[in-house]
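Each value in this text was obtained by applying a stated rule to the coordinates, not by laboratory testing. Keep in mind that this is a model prediction, so the values were computed, not measured. When we count neighbours, we look across all protein chains shown, and the Cβ atoms used for this are built from the backbone with ideal geometry, even at glycine.
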Amino acid sequence: MKQIHLLIIFLSAFQFTYAQTSEEEKEEAGYHRISVVIGHAYIPQGIEGTTKKQWLFLGSWGIDYDYWFHSKWAIGLHSDWTVQNYAVERTGEDGTEGVLERTRPFASTVAGIFKPGEHFSILVGFGGEFSKEENLFLIRGGLEYGWELPDDWEIGISLMNDFKIDTYNSWIFGLGVSKVLGRKL
C-alpha cells in the first residue's frame, strides 16, 4: 500500500510541474531515444543457501526506448534482464515465510519521464517481472543523470527501484549509452 501512495505523490508532482511549462520548451520535442544499459541489481531480501538472508548483487542488462513528445516529458518502454538465478525471502499474506526462486527474470515497464533540468530525469512506471516460476507486478521509480555527446549520442547513469507488489524490492544501478533519433536542432 505504501508503494501506491508513493506513486500517487510522484504523479501529483508531475502534474503540477507540467502546468508550469512555456512555449519555448515545447519546441524541442518529437524525437526518439534508444539506450543500452549495463547494470547491477541489488536485492536486500536475498537468500544464500537455504536460510541465510543477505543482500544479493547480480548483473543485469537493459534496453530502453523513450519518445520525447515535449522537451521535458517522455514516455518509454524500459526492459531489464537479470542474468543470474537467485532466491528471495517472501512473506505470505498469512504471515508465513517462504522462498521465491527467480530464474533470470526479465522486467518490462511503461514509464513516464520528467526532465526538470538539463541533465537530470525522474522516472515513474509500472509493468511486470517475468520468470518461469512466477510473474510479478511491479512499480518502478528512478533517477537518471545524462550527458549529451556529439552526433546525438548520450551517456548516463541511472538508479531505479522496483517495488514488486507483495514480494521483494530491488535496486538497479546502471550505466547506459543512448542514441537520439529524429531530434530537430
- Figure the gain on full extension for Glu118 and Tyr65 (residue separation times 0.36 nm, minus the Cα-Cα span) and round it to one decimal in nm. 17.2 nm
- Pair Ser79, Leu175: separation of 7 Å Cα→Cβ label points (nm): 2.4 nm
- Task: Would you work out the charge dipole size for segment 28-148 about its Cα centre, treating the Cβ of every Lys and Arg as +1 and the Cβ of every Asp and Glu as -1, and quote it to the nearest 20 debye?
- Result: 120 debye
- Message: Suppose each label sits 7 Å from its Cα in the direction of the beta carbon; what would the Trp147-Leu159 distance come out to in nanometres?
- Response: 1.9 nm
